[in-house]
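Q: My structure is below; once you've seen it, I'll send some questions.
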Amino acid sequence: MEEVLAVVGGILLLLAVTGGIQGIATKLFEKDEFVPLGDRIAATLLGGALIGLAAVLDAGVKHTGLWITLGVGAAIVLGLAGFLWLEFRRDRKDDREVQVLREVLDAFNRHDLDAIMSRFAEDCVFESPRGSDVWGQRFLGKQAVRSGLAARFEGIPDVHYGGDEHFASGNRGASEWTLTGTTVAGERIAVRGCDLWTFGKDGKLVRKTSFWKIHES
């Protein structure tokens, strides 16, 4: 009985490890199918539990092969559980940062400067898509960034960002959107663009770099 439990536990651990490998392959080769992280964690815990139960049932019996399996299985469980926990925490962090980017864009569409700036760090940097330098115009510090963003609302009073998508990985993020509006000079604008973001250690935004497509009539 204990041999069966150990084998089944080993198979579940193998599935969990395979899921980890497949998850890495998904990111490397951009495949659409992968084993969900929750399923891999469940397989790890269940596999470890079965192997542990096999050890209890086998207590006092000298089965060298089984104990080798138990030792290897325990090492895999500890290592894989740690890996999955770190990956789980990273995924949760990325989800939180994507939510921050969505909330920032919603604040832009409300023209709510206070809500926007509440997400920025004191030493933040904003690089606008237009300016005399290769990076456009650069605004340094929270007050300067606020002034730069306010100028956007003043120049395009009905500016709106739609068709948005947001991504985050580690301390970097990206937002894609379509900017529409009419300038104070009466020019109608509809252009695709994006923001590249950098997050600080406290989750605040420390850099916003904006890009617009060059629209030629």
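Q: For region 147-163, take each phi angle, set θ = phi - 60°, evaluate the Karplus expression 6.51 cos²θ - 1.76 cosθ + 1.60, and give the result in whole Hz per residue in order, putting x for glycine and proline.
A: 5, x, 6, 4, 4, 4, 5, 6, x, 10, x, 10, 4, 9, 10, x, x
Q: Give me 191, 125 ranked fewest to most by other Cβ atoms within 10 Å of their Cβ, as a rough exposure proxy.
A: Least to most surrounded, the residues fall as 191, 125.
Q: Roughly what would the spin-label model give for residue 178 and residue 214, points 7 Å off Cα along C-beta, in nm?
A: Distance between the two pseudo-spin positions: 2.3 nm.
Q: Related question: Within 10 Å of each residue's Cβ, count the other Cβ atoms and sort 175, 128 from fewest upward.
A: Fewest-to-most Cβ neighbours within 10 Å comes out as 128, 175.
Q: Another question about this same structure. Check each of the GluC sites (Glu not before Pro) in region 134-217 and keep only those in coil by DSSP with at most 11 other C-beta atoms within 10 angstrom; list them in order.
A: 187, 216
Q: Quick check: residue separation of residue 102 and residue 132 times 0.36 nm, minus the Cα distance between them. What number comes out in nm?
A: 7.8 nm
Q: Next question. Modelled label-to-label distance, residue 110 and residue 153, 7 Å Cα→beta-carbon offset: nm?
A: Each label point is offset 7 Å from its Cα along the Cβ direction, giving 1.1 nm.
Q: Hey, another quick one. Add +1 for every Lys or Arg and -1 for every Asp or Glu among the other residues with Cβ under 13 Å from the Cβ of residue 137, and state the total.
A: +2
Q: Here is a further query. Convert each backbone phi in region 188-202 into a coupling constant with the Karplus relation 6.51 cos²θ - 1.76 cosθ + 1.60 (shift: θ = phi - 60°), then list the ³J(HN,Hα) values in order as whole Hz, x for Gly and Pro.
A: 7, 10, 8, 8, 7, x, 7, 10, 9, 10, 10, 9, x, 5, 8
Q: Could you line up 166, 111, 160 from fewest to most neighbouring Cβ atoms inside 10 Å?
A: The fewest-first ordering by Cβ neighbours comes to 160, 111, 166.
Q: Separate question: Starting from the Cα-Cα distance between residue 192 and residue 160, subtract it from 0.36 nm times their residue separation and give me the gain in nm to one decimal.
A: Full extension of this stretch gives 10.4 nm more.
Every read-out reported here was derived from the displayed coordinates using simple, explicitly stated rules and does not represent laboratory data. As the structure is a computational prediction, the values presented were derived from the model and not from experiment. A quick note on method: Cβ atoms are made from the backbone with ideal geometry, for glycine too, and the neighbour counts reach across all protein chains shown.
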